[in-house]
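Everything below concerns the one structure shown next.
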Amino acid sequence: MNVGYFQGLYSTKTAGFNINKGAGKASSYFSYQYTDRNNFEDLQSSRVLASSNTLLSQSAHTTYPALNHYFGAGTDIAFSKKFSIAYDLRISLNDGRSDAKNDIDILNANHAVIANNVSVISNDNTSSYIGNNISTKYVIDSAGSEWTVQLDYNRYHYNNEQLYNNYYYLPASPTLFGNGINNNRKHIFTAQTDLTWKLKKGFTIETGFKTISSNSNNSADYFLQQGSSPIKRDSFQTNTFSYKESITSAYVQVAKKLFGLTVKPGVRFEATNISGRQLIPGDTSLAIKRTDVFPYLYLRRRIMKLFGFELNGNGILRRSITRPYYEVLNPYPKYIDQYLFDVGNPNLQPQFTTNYEFNITADDFTIFSVGVNNTSNIFSNVTYQDEQTGIAYRTYDNLGTNKEVYLRFVGGIPPGGKYFFYAGAQQNINSYNGLYQGAALHFKRSSWVFFMYQQLKLAPTLTTSLYGFMRTGGVQNFYELDQFGALNLSFNKSVLKKKANLILSFNDLLLTNKTTFHLQQGNVNANGNRLGDTRRVGITLRYNFGLKPKEEKKPLFEQPADTKE
């Protein structure tokens, strides 16, 4: 069982239990977790309205209270040493809210306030998720040949009721009342089979087939009322959209070791069939139908053995597709405030990435990697602004090409002793070329992420851990981010003859996990800062009534779960 309490400006409470049973050829489990959380976000932003030579200044405070119930259950039956069947069930029930107050000023060129209004926005949503998985495994021989089959069915249901009031103080105007209900249902079926076949003379063949079928339906019904005028339907936000996606893929790859070098070439076939239809406010449709072939090449060679760890060099060449998903294709405009909407783009097309990478691994954990991602027809989150109204739309668009060069390295002292640490860094250099809202886009930025983790055994039953990261020169959806990071500290004490653990944690000790952002693309010139409820102190108690389950082998430099947020 576990119980935890975390306090920032708001609190989070959680409690749950796990039951595991293994008896003969069958094993089973059941788990439940309850979480009651709340946090906030403060957002300060300003955006130039070029058409009127004015500045839109916003100050918003939003809280996000939520309740979650999670259930998990499953069983695994080994009918023989070669054949087993497993079933897993996952259920998640969520009840969430968001309450926002947004103060808005419009300033002229002399920084005098010429307009002032306030938006009060609430969202009340419920969602449910049910996931089912049946898997089988058949061991063909003692060399490692096996055949697996998986069947999945996942169901999502999301319902949100939104209310907003826009109060106009300068110039004075009747209050605008808006409300609406958004309903979304999604069903996803997956069938997959994979075969690994060990042949004579060191050949290994891996092949498989997978098909995914997804059906989604979204409806939004909105109404408006200005002052005492009659209620009318909001034709801009009222929407009905249905979506179907079918992805079928098959792959084959062959591995062979030659003169100490493992060579694994392969090829993957993927057929994409996506269709969507909007019935309200207008009858429109979208379709993506294509078949693609993706090559793959993997090379591996042993370098040396160092401090008891096997070092290997690996070379990778692969090509992949990223498809636009339902949420970014849905043209439904989601109301954020009267000056900002989130809107899907039904005209999005897939993007393609070719990756070249060389890395060095120690016991299959990557300690050094360098690579290049070349992406064509890239789609990314963008912000466009209507020149006449000043309303901004966050949407997605195909922009052109992107070249990303990355470098990552990690080093430290492996776990097992009294003191364990690792530290590393990653650099990403991104170059974009294309069009942004019809204008030429040439954008290049370099960013660094530095991270470290340290663990010290202060006593046989007391361990302290320190984890931190810092990001400089970051870019997210063309928003340029100033430097930010966080430092987290925890103490883990074993009590009650090591049957229980008491964990005291301090997250974002220096309150540095806050971002300042700038955006200057197309006709959008905006900047601001964002602060969340990240500085928290927490206490967690875990008690084990039975036998501890067998621990799986963890990566060389993985942060222990007890210290993660």
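Note on Lys13 and Ile181: the model spin-label points, each 7 Å out from Cα along the C-beta direction, lie 3.1 nm apart.
Across the chain, C-alpha contacts under 8 Å between residues 6 or more apart give a mean separation that, scaled by the residue count, equals a relative contact order of 9 percent. Each principal axis of the Cα cloud of segment 229-373 was taken in turn, and the coordinate range along them, longest first, works out to 80, 33, 20 Å. The 3J(HN,Hα) values that the Karplus relation (6.51, -1.76, 1.60; θ = phi - 60°) gives for segment 351-357 are, in residue order, 10, 10, 10, 10, 10, 10, 8 Hz. Gly and Pro appear as x. When the P(r) is computed for the chain, the part past 44 Å accounts for 27% of the Cα-Cα pairs.
Taken over the C-alpha atoms, segment 419-565 has Rg and Dmax values of 20.7, 68 angstrom. Across all directions, the shadow cast by the convex hull of segment 1-125 built on its C-alpha atoms averages 12.8 square nanometres. Largest first and in whole Å, the equivalent-ellipsoid semi-axes of segment 205-308 read 53, 19, 9, each the square root of five times a Cα gyration tensor eigenvalue. For Ile114, the residues whose amide H sits under 5 Å from its own are Ile106, Leu107, Asn108, ignoring neighbours fewer than 5 places away on the same chain, with H placed 1.01 Å from N.
Sorted fewest first by neighbouring Cβ atoms within 10 angstrom, Met304, Met1 come out as Met304, Met1. The distance from the alpha carbon centre of segment 69-125 to that of segment 137-163 is 23 Å, rounded to a whole number. Phi angles across segment 314-328 convert, under the Karplus curve 6.51 cos²θ - 1.76 cosθ + 1.60 with θ = phi - 60°, into 3J(HN,Hα) values of 10, x, 9, 10, 8, 10, 9, 10, 10, 9, x, 9, 3, 5, 8 Hz, Gly and Pro given as x.
What is the order of Ser173, Ser219, fewest Cβ neighbours within 10 Å to most? Let's see the in-between values first.
Working: Ser173 14, Ser219 17.
Ascending number of Cβ neighbours within 10 Å: Ser173, Ser219.
Among Thr175, Thr540, the ranking by other beta carbons within 10 Å of each residue's beta carbon, starting with the fewest, stands as Thr175, Thr540. Backbone phi angles across segment 482-497, fed through the Karplus curve with coefficients 6.51, -1.76 and 1.60 (θ = phi - 60°), yield HN-Hα couplings of 6, 4, 8, x, 7, 10, 10, 10, 9, 10, 10, 10, 7, 9, 6, 6 Hz in residue order; Gly and Pro are listed as x.
Give the value in nm², to one decimal: projected area of the alpha carbon convex hull of segment 306-391, averaged over all directions.
8.9
Quick note: the coordinates plus some simple rules give every number you see, no bench work behind them. Bear in mind the structure is a predicted one, so any value in this text is a computation, not a measurement. With ideal geometry, Cβ positions are generated from the backbone for all residues, glycine too; neighbour counts draw on all protein chains shown.
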